[in-house]
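The values are calculated or read from the model by the stated rules, or taken from the named source; none is laboratory data. Values in this document were obtained by computation on a predicted structure and should not be read as measured data. Cβ atoms come from the backbone with ideal geometry, glycine included; neighbour counts cover every protein chain shown. When the accessible area is computed, the model is the full protein with side chains, heavy atoms only, and any ligands, DNA or RNA have been set aside. Shrake-Rupley method; radii C 1.70, N 1.55, O 1.52, S 1.80 Å.
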Amino acid sequence: MSTRLFGARIKRNIDPQLLRGEGSFIDDIPLAQALHVAFVRSPFARARINSIDISAAVAHPGVAAVYTCDNVGALDIEMPLLIPHSSMHDARTQRPLARDDVYYVGQTVAMIVAVDRYTAEDAAALVDVDYDPRDVEVDLEKAILDGAPLVHDTHEQNIAAHFVQVSGYPDSAIAQAEHVTKIRVQVDRSTAAPMECRAVAAQFDEVTGELTVWDGTQAPISVRGGLASIFKLDEDKVRVIAPNVGGGFGQKVLLFYPDELLVPMAAMQLGRPVKYIEDRRENFVGSSQERTQIHFMELYAKKTGEVIALRDSFLHDTGAFIPYGIAVAQVASTSIAGPYRIPNIWVEFKAIYTPTVPVTPYRGCGRPQACFAIERAMDQLADELGLDRFEIRRRNLIADHEFPYDREGLIFADGLKVSLDSGQYHKALAMMEERLDAPSFASAQAKARAEGKHLGLGLAFYVEGTGLGPYEGGHVRIHPITGKVYVNTGLTSQGQGHDTVFAQIAADQLGVKPEDVILVEGDTKAFDWGVATFASRAAVVSGNAIHKSAMIVRRKALQAAANMLEADVGDVELKDGAAWVKGTDRKVPLSAVATATNPLRYAFNEAAQAATQFAPASRHDGPSLDEGEHPGLEATDYYSPPCATWAYGVHGALIEVDPELCSVTIRKYVCIHDCGNMINPMIVEGQVMGGIAQGLGGAMYERIEFDETGNMLNANFVDFLVPYATEIPDVEILHLETPSPLNALGVKGVGEAGCIAVGAVVASGVEDALKALGGGKFRHTPITPSMIHAALDAA
Amino acid sequence: MKPSLFDYVAPRSVDEAVGLLKEDSGAMILAGGQSLIPAMNMRLASPSRLIDIQNIPGLSHITIGNGKIAVGAMARHREVELHDGVAAANPVLRAALGHVAHIPIRNRGTVVGSLCHADAAAEMPMILVLTGGSVQVAGSDGGREIAAQDFFQFHMTTSRQPDEMVVEAHFPALPPGAGFAFEEFTRRHGDYAIAAAGCILTRNGAGAVATVALAACGVSSKPLRLAAAEQILAGSRLTAADIKAAGDAACAAVTAPGDMHATAGYRKHLFATLVRRAVERAAARAQ
Ligand SMILES: Cc1cc2nc3c(=O)[nH]c(=O)nc-3n(C[C@H](O)[C@H](O)[C@H](O)COP(=O)(O)OP(=O)(O)OC[C@H]3O[C@@H](n4cnc5c(N)ncnc54)[C@H](O)[C@@H]3O)c2cc1C
């Protein structure tokens, strides 16, 4: 093999195409005579529907159909509960179109299909819905009080799920504690805000009976399964394609959104392609969101700062429905002790229905909240015990020799144990101490203060269970004509660069250039075993599956080439797109090897001549393929992880607060992270950087604002403040590579990593900066200028 | 987010445009479209007819003379910002324009469009008020000049009549020897101001304030001159106490209620800071 591609900073294969505007997103797909969809959405957070009058909309010129719950047939159902769990009873999910009741502002009530979106919106305005509004309570803490208005009459105190997990013996440990620190922290609601909103298009071919659905989903195979079962179609008659998708961040892993069912239904009924292109406002009021949690945490410690037990009880806002089960809260609860030994844990959550957009995972999925809770608590414990913030962490971090470190009793979101498999936590912390020049920070801070500047040091450590199962597959084939390598997997990309990293993995085994590896994913016609893109899992799960398949193809290629070259298989190597007898110039191109392994009747090109029945190489008695042999150079294999593999990192920052403007400026931001072996450090850095930018959004800018009637006040990019590039500081990223012992490539996930620690870093830095001014505690994100003002005002 | 049905007309002269405005009370002028088009997409505005003034000759000028900068109705923010003559005649325009949205938006949006849109948190209306400028309108009954103080009535409301079109804005040049400053705070670069303060002042031979203008946006329902603060500073030797008093006095002008970006208390605190900083900076620049 020539130089290894695994680990190389290879430019992303897909970028030239995307940068030239040649990507094909759903709205770019040309569909002749397509009809377009607009929805009538509830203007009330909770209301009874008395009547819906669609007559004016139906009569509107250009309208092809108007649907309500009364004429959608088999779709007048509660949509699936994707991840059942015993902690929920009678879990509530949404109907594609509301029947009798609406539960949040933005819920779909009627669907218009018309010649264009303009006409569809005009007609939507003509639908007359008579609502009887009900009382609502949007505030999480008030929603669980007795007498609070209920979202669903079936759920007292609005409790959707209640779950307690225990690790070790918290009660007896608590009795031995010498110090307890108690803290309440809150993280507010945000949204993924992908650059491309959601989109679905569908076409039904009456002749073949085939339904093709283009869906900007992270889970095309699951979408196909759902469509086939709900519409009672054969699976091979349903093809789901996720083409180029402009960001997902978890929002697009939920299935089903109403449109994902209603658009295919309309295409089948109306005999014309139908398109729904979600607009930004709809993305705010109709596509899922995440983050609001309120944690009450107690750390029980020895005088030395060693934490011996943790109790955490938190409220999790699940919005009006809980279609994704308790995943977000479960990830938060099992990540709650962070990178620390803390052998005794009691953690409880209540998932609460609120009359708001449903909550499902958004990049980070509960981890930012858990990190915020434990890291803010650690800072407070350090403060109370008079210890340095680095020191308190040093005294509690899991040591290298303690891995794998199991949290017996805690069950992760994949139903498997929590086992932190590997890492160099102490080294990471030491690196951060050095990069921030932490030992001399106190004097730098004092000096700045003398000049009227308020500097603070922010610090937070995180862990991240990544690469969840159940499994993914990889299909690898060498094309007989071109010798190019064709790779498939079942999950799909929303811009992460799968085509490049998977190419690196396959190319390493097969000795080809990464640009000669063609990845086709996100198309059920290309490959239809697998799960989805979520939980920082593509590199781990699909990556290892592709690696395994590529190894099989490599073995086949070497064997076939050895026969062709009349050499010993041990003397053959694959490089530069050919099989070579090592140390000689004797070679045969991979295309010829691929052709030769495929017994042929017709000699359509030169290489094919060698594979035809009367060619000397093929002459043998009996069948051309022995029993059990397959034609060509091709293999499919699967990887199923034993449990999540845990990545981690530490973020630190030097932060300046201007107490007059109440503004926060990040002077320096350092990220040290470890995602195991890196397939492509440049892509890792891109993922981390993007995560940090999104994390800063949550830390300082982004908050979905509901008024007390449940109306979203900032369902637009004017008032929902996604940070611009101008708000993102330079970030110094340092890598550690502790191979995961759980998979052959030694990789861990990195997709979500960047965003997890940022809120805790900013809070800890702002708090430190304002300490001398009596600025108090910062335990609530996003941290806004108004909050800083209030804190200083109270000082 | 698609506009409702509208007609589109592209007149070739101001007279034609004004005639079209008179003929249809639901018509609206389209300049750079950076405020109007989003409003139409969100159906916050549903004009029956768009009168696109882009093709009218003679509206894109930026001329300097007679002690003022004249900006034609189709001169883009970015053209004014990059115009060296403008920066020489009154540098406060360039200072403020750097805060108006982002370059791609400034490439299309117009200064006059911004004045007509009259957002209470927008920078250029405040600059017109600060400099004591005016707008020239053309109407079916002829033209008139409207002083900045009279033009801005309320958030997104001006004294322009429905059948009038603004053809030009006039920004007076900076008085000789004057210092200027523009101080703004936003949560993100390029957003509308949470609060902003502008200052133009001259000092006499003894260093005391000879003339002073202070203006604000983002703190009230329209851009304002800060008369009480100006009075405190008139003749002042610009002691820290005077500057602080001016900042505190300016706070009384803050009538904007708390919103999701700033509590009322924070906005006041912030604004006092911005006024102080604007005065200090302008004073340091004054000769
Ligand atoms: C993302 C974004 C951020 C922005 N941030 C800021 C900001 O920070 N500060 C800021 O000040 N602005 C901001 N803007 C608005 C921008 O400055 C607009 O360009 C400006 O407000 C309007 O200018 P326009 O030429 O685009 O006007 P248009 O959008 O074409 O018109 C705006 C209004 O003025 C009327 N109008 C325009 N010209 C005339 C005329 N000659 N006579 C009579 N009426 C007329 C129109 O009928 C319409 O009602 C932002 C815009 C965007 C999209």
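A few remarks follow.
Okay, residues lined up against (1) touching a helix residue (DSSP H, G or I) at 6+ places or on another chain (Cβ under 6 Å); (2) more than 15 Å from B:GLY113 (Cβ to Cβ); (3) more than 12 Å from the ligand (Cβ to nearest atom):
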position	(1), (2), (3)
B:SER4	no, yes, yes
B:VAL14	no, yes, no
B:GLY26	no, yes, no
B:GLY32	yes, no, no
B:PRO57	no, yes, yes
B:GLY65	no, yes, yes
B:LYS68	no, yes, yes
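- Within region B:83-132, considering residues that are surrounded by fewer than 23 Cβ atoms within 10 Å (Cβ to Cβ) and of a type in the set (Lys, Arg), the one farthest from the ligand (Cβ to nearest atom): B:ARG94
- Listed by position, the strands (runs of 3 or more DSSP E) contained in region B:138-236 that have at least 3 residues being under 30 Å from A:THR726 (Cβ atoms) are B:179-185, B:195-203, B:209-217.
- Of the strands (runs of 3 or more DSSP E) lying entirely inside region B:1-80, those carrying at least 3 residues that are open to solvent by 10 Å² or more (accessible area, probe 1.4 Å) are B:7-9, B:27-30, B:62-65.
- Residues in region A:681-708 that are touching a strand residue (DSSP E or B) at 6+ places or on another chain (Cβ under 8 Å) and under 26 Å from A:ALA143 (Cβ atoms): A:GLY697, A:GLY698, A:ALA699, A:GLU702, A:ARG703, A:ILE704, A:GLU705, A:PHE706.
- Complete set of residues in region B:255-287 that are open to solvent by less than 60 Å² (accessible area, probe 1.4 Å), touching a residue at least 24 places away in the same chain (Cβ under 8 Å), in contact with a Ser or Thr (Cβ under 7 Å, 6 or more places away or on another chain) and within 26 Å of A:PHE706 (Cβ to Cβ): B:ALA256, B:ALA262
- Close pairs (7 angstrom Cβ cut-off, 6 or more residues apart or separate chains): within 14 Å of chain A (Cβ to nearest Cβ) in region B:1-24, of a type in the set (Asp, Glu) and in a loop (DSSP other than H, G, I, E, B) anywhere: B:MET1/A:ASP279
- Some residue of region A:567-579 being farther than 30 Å from A:ARG393 by Cβ, surrounded by 15 or more Cβ atoms within 10 Å (Cβ to Cβ) and more than 47 Å from the chain's Cα centre (by Cα): yes
- In region B:134-169, residue nearest to B:VAL86 (Cα to Cα) [restricted to those that are away from the ligand (no atom under 12 Å from the Cβ) and buried (at least 23 other Cβ atoms within 10 Å of the Cβ)]: B:ALA148
- Among strands (runs of 3 or more DSSP E) entirely within region A:22-113, having at least 1 residues that are under 28 Å from the mean Cα position of the chain (by Cα) and buried (at least 22 other Cβ atoms within 10 Å of the Cβ) singles out A:35-41.
- Among the candidates B:GLY139, B:GLY113, the residue that is more than 14 Å from every other protein chain (Cβ to nearest Cβ), over 23 Å from B:TYR192 (Cα atoms) and among the small types (Gly, Ala, Ser) is uniquely B:GLY139.
- Filter result for A:VAL245 (of a type in the set (A, V, I, L, M) and either without any contact (Cβ under 8 Å) to a residue 60 or more places away in the chain or in contact with a strand residue (DSSP E or B) (Cβ under 8 Å, 6 or more places away or on another chain) (or both)): no
- The strands (runs of 3 or more DSSP E) found entirely in region A:583-684 that carry 1 or more residues being within 14 Å of another protein chain (Cβ to nearest Cβ) are A:645-658, A:663-674.
- Of the residues making up region A:718-728, those that are touching a helix residue (DSSP H, G or I) at 6+ places or on another chain (Cβ under 8 Å) and either assigned to a loop (DSSP other than H, G, I, E, B) or away from chain B (no Cβ under 14 Å) (or both) number 5.
- Single unsatisfied condition, B:PRO257 versus (1) assigned to a loop (DSSP other than H, G, I, E, B); (2) within 14 Å of chain A (Cβ to nearest Cβ); (3) at pLDDT 95 or above: (3)
- Criterion: modelled with pLDDT of 95 or more, open to solvent by 10 Å² or more (accessible area, probe 1.4 Å) and within 21 Å of B:ILE127 (Cβ to Cβ) - qualifying residue of B:ARG203, B:ARG225: B:ARG225
- Selection from region B:260-285 of residues that are among the aromatic types (Phe, Trp, Tyr) and within 9 Å of chain A (Cβ to nearest Cβ): B:TYR266
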